[in-house]
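First up is the structure itself, then whatever we jot down about it.
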Amino acid sequence: MNQKNMKEPQIELDLIERFRDARIAPQRSKDGIPTFWVDKADVRSVLQYLKDEAERPYRMLYDLTAIDERSRQNRNGQPDGAFTVVYHLLSVDRNEDIRIKTALDGKYPSIDTITHMWHNANWYEREVYDMFGIKFDGHPNLRRILMPWTWEGHPLRKEHPARATEMGQFSLPQEKQDREQEAMRFKPEEWGMKRESEDTEFMFLNLGPQHPGTHGVLRLILQIDGEMIVDIVPDIGFHHRGAEKMGERQSWHTYIPYTDRIDYLGGVMNNFPYVMAVEKLAGIEVPQRAQVIRIMMTELFRIASHLVWYGTFAQDLGALSPVFFMFNDRERIFQIVEAVTGGRMHPSWFRIGGTAADLPKGWDEMLKEFLEYMPKRLKEYDTMVMKNRIFKARTVGIGAYNTEEAIEWGVTGSGLRATGLEWDYRKKRPYSGIDQFEFDIPTADHGDCYDRALVRVEEMRQSLRIIRQCLENMPEGHYKSDHPLTTPPRKDRTMHDIETLITHFLGVSWGPVIPPGEAHAAVEASKGVNGYYLISDGNTISYRTRIRAPSFPHIQMVPYISRGETVADVLSILGSIDFVLADVDR
Amino acid sequence: MINLDWSALTAIGILLGVFTLAPGLIWLERRLLALWQDRYGPNRVGPFGIFQVIADMIKIFFKEDWIPPFADKFVFFIAPGIIMLTVLMSFAVIPIAPGIGVMDINVGVLFFLAMSSLGAYSVVLGGWSSNNKYSLLGGLRAASQMISYEVFMGLSLLGVVAMAGSFNLREIVNAQAGMWNIVPQFFGFVVFTVAGLAEMHRLPFDIPEAESELVAGFHSEYSGMKFGMFFVGEYIGIVLISAVITTFFLGGWHGPFLPPLVWFFIKLFAFICFFILLRASLPRPRFDQLMSWGWKLMLPLAILNLVVTGAVLLAVRQGH
């Protein structure tokens, strides 16, 4: 990646060639993703060019976010502006990313919407509006998405307090309660929905936030005609904990436990992209042993996460038993995780520069036992769930979309591979030495609920393969880098030389100081591509922590693939997507 | 006079028997499901957790009897009673063993079918009167499911009736002394079992209350003892359907060596366990799929079964 970055990327020449009159300024970032500053007026045409006209175009809007630049010290010649809007595009054909940035001025600036170009820009722009107060002109329904509609202020602006204790005492008088409750009332007209058609009156069914089928606090408002779905309005934000804001308060090191709780089924899989992004910023090389341990633990968590999905999906379709068997198997994984990390669901075990500890004695025996045990169980589940005819009748042909639609909506992970596209972050952008492993990328053809399930089930087998290779080829060496910014630094060194003792002292008392810069790192998580975009201002805390969660765009797609299906099918679709509300809301 | 007393005693005996069997069944189901799902189930209260049901019953009796303010009060109130009443009434015609049974009427089959049709009202009225969207959807699903499955439930029994030449359940059982109906009426048996499951809305036919879709379906708003009546009604329904299948297709009390009463209960329990096993192993089809299986597969099968049975019977009788 770094070597490729040495020469000018082709896209830079193309862009400058195409937009001669516009000012297009490249920026070097530590992750090697070509980054360009574009004037506010030209953003739309540049994005349009990249999406439709460029050779091997950037079809996916991978992320859209903003940065409050007002208190940033190290701008390194970047254009002035109070806010920056960042468009992160991904090209499947090139297997490259591009980042387009634009500077905005003013207290509450505005910029043109791009919702007509990408469907999934809708929610991203609402999120940016909600968090920063940046308005998007021409957006069809620009309203808060994560915060309550009655919220005052925009949380990710630097002047917004991060702690409740900075906000004055909370009270809930009757009229405020009434106001809050009234704000929750669903008014179909606000969403451009009709209450009745020519021949029927529609029913609005409030599914969630407390509902056994939504797996968390997701609210879906179904507009139904009999049992047929006319439209759906997803209402999210009930699980919003301000994880991105916390990133601006916690030190680089103490933020790690927060990442665990983003996709709470993914465990250390969440630590992974975060620590990799910090390591890119700090320039830390992780030793081989730590790399392989990391891969092994994430693959274990992938299986654990998929098992939860497998069981609950079957339960959504009325099969009561599989979920108990699968949770039992997951328990076996947790026993290994507990032996290795001391934690279970949220071990927060990865560290900047390595892992928290070395593997314990006897880890290989436990793993061997599990590798013996699991394939047989998976085979049993095939007959119990995947080959069941009622299960097939409920899932085949339901909630289908093709590759093009998936890319258009920002779908990654199994949902994308189920459409027949062999696109896995582990293969396309190998990280942590995963390119040294042998494994296949399962795909399917129809992109329906059944195919998504099929892909995930096969992924578990592939993960077992990877774990076996980790077991057989675990390299010797240290589990932590000897880079001074490794947190905490190697204990054996701190006892011997004063330099390491000083960095240890600083790291513990203040937290490590990460050099200024920007970096994005992502992994193929169990739900899709999970990425962290970090900006360091040369401080002990992050200046901006952006979490690109896979479930967010996936949930946004639910209305699109549910129209015309029945209420029961919505549950199949929700189950097949495999989302976690904590991952959607962050 | 003595005769009357005897029958009153059996009636009370059967009523009590059903009332103890149903809670016992709740315990049995929870334990069996747990066994098949690699977990323990209720095992703390009393030996093997058998008193768990009693504890639950005490709890449910003392719960607040709440009727939601937006509900249609009268209908909401009577709906759970209907299911208890119709299911219990159906037991009246079941011949348990020679001389044991409440009524011996000549239209026993029709009486049973009539009662199960009336039972559908309970679910529909309960769902409708709750004035809740989930309940309404559940009630609607229940109405269409039960009405359509009733059609071939009746048809599937006609083969049995034709073979016995009577609507009297006791005579139907006696007609099976030589061979159980499950052999000549195998398709009738299959169709009736499916229809019976649908009638009792048990998984995989629990579409009116489909938990993951409709929360609790038609009884979402019910709590306390009113919910308890729906709940126990469902379990008595399982006992009923198992008893009816035993009577129509498995020769009732007939069997070698053991006394008739024991045979009846062995068959009854085999079916109850079978229904619980079904619940542990099958997912739930979608509403429209269930309807199309009903109308496109089950109904033609039931009619075909009746036509073939009739033709064979005619041929045999003409041969004599």
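Only the coordinates and a few stated rules stand behind these numbers; no lab work does. Owing to the predicted nature of the structure, the values given are computational and were not obtained by experimental measurement. Cβ placement follows ideal geometry from the backbone for every residue including glycine, while neighbour counts extend to all protein chains displayed.
Structural remarks
- Working from label points 7 Å from Cα in the Cα-to-Cβ sense, the A:Trp149 to B:Leu9 distance is 7.1 nm.
- Sites matching GluC sites (Glu not before Pro) across region A:417-506 that sit in DSSP coil, with at most 14 neighbouring C-beta atoms within 10 Å: A:Glu422, A:Glu438, A:Glu476
- Cα shape, region A:95-250, gyration tensor, a/c 1.5 rule: oblate
- Whole-Å distance, taken between Cα centres, linking region A:99-154 and region B:250-316: 61
- One way to sum up the overall shape of region B:67-319 is the equivalent ellipsoid from its Cα gyration tensor, whose semi-axes run 33, 20, 16 Å, largest first.
- For chain B, the longest principal axis of the alpha carbon atoms and the long axis of helix B:186-199 meet at an angle near 20°.
- With Rh defined as the Kirkwood radius, the inverse of the mean 1/r over Cα pairs, the Rg/Rh of region A:251-561 is 0.99.
- Helical segments meeting 24 Å axial Cα length and Kyte-Doolittle 0.0 threshold in chain A (DSSP H): A:288-316, A:322-341
- Look at where the Cα atoms of region A:172-194 and of region A:534-579 average out, and the two centres are 25 Å apart.
- Here the gap between A:Tyr560 and A:Glu53, fully extended at 0.36 nm per residue and compared with their Cα-Cα distance, gives a gain of 179.9 nm.
- Computed about its Cα centre, the charge dipole of region A:94-143 is approximately 60 debye, with only Lys, Arg, Asp and Glu carrying charge at their Cβ.
- FRET E, pair A:Ser45, A:Thr254, Förster distance 45 Å, beta-carbon r, rounded to 0.05: 0.55
- Among beta bridges that DSSP assigns inside the protein assembly as shown, antiparallel share in %, nearest 5: 90
- Flagged links, alpha-carbon separation over 20 Å, of A:Lys158/A:Lys245; A:Lys245/A:Lys480; A:Lys40/A:Lys101; B:Lys59/B:Lys226; A:Lys30/A:Lys158; A:Lys187/B:Lys133: A:Lys245/A:Lys480; A:Lys30/A:Lys158
- Anisotropy class of chain A from Cα gyration tensor, a/c 1.5 cut: rounded
- Computed over chain A: relative contact order in percent, which uses C-alpha pairs under 8 Å that are six or more apart: 16
- For region B:1-116, the spherically averaged projection of the C-alpha convex hull amounts to 11.6 nm².
- Separation of the A:Asn473 and B:Phe274 label points, Cα + 7 Å toward Cβ, nm: 5.5
- Reported to the nearest whole Å, the Cα centre-to-centre distance from region B:112-151 to region A:32-49 is 60.
- Anisotropy class of region B:154-298 from Cα gyration tensor, a/c 1.5 cut: prolate
- The Stokes-Einstein estimate for region A:2-158, based on a Kirkwood radius over Cα pairs and taken at 4 °C with 1.567 mPa s viscosity, is a diffusion coefficient of 80 µm²/s.
- CD proxy at 222 nm, helix term only [per DSSP H run n ≥ 4: -39500 (n - 2.57); per residue of chain B; nearest 500]: -23000 deg cm²/dmol
- Helix B:133-164 and the longest principal axis of the C-alpha atoms of chain B enclose an angle of approximately 10°.
- For A:Lys387, a cut-off of 26 angstrom between C-alpha atoms picks up these lysines, skipping any fewer than 8 places away in its own chain: A:Lys376, A:Lys379, A:Lys527, B:Lys296.
- Peptide A:567-575 has a mean of 4 when you count, residue by residue, the C-beta atoms of other protein chains within 10 Å of its C-beta.
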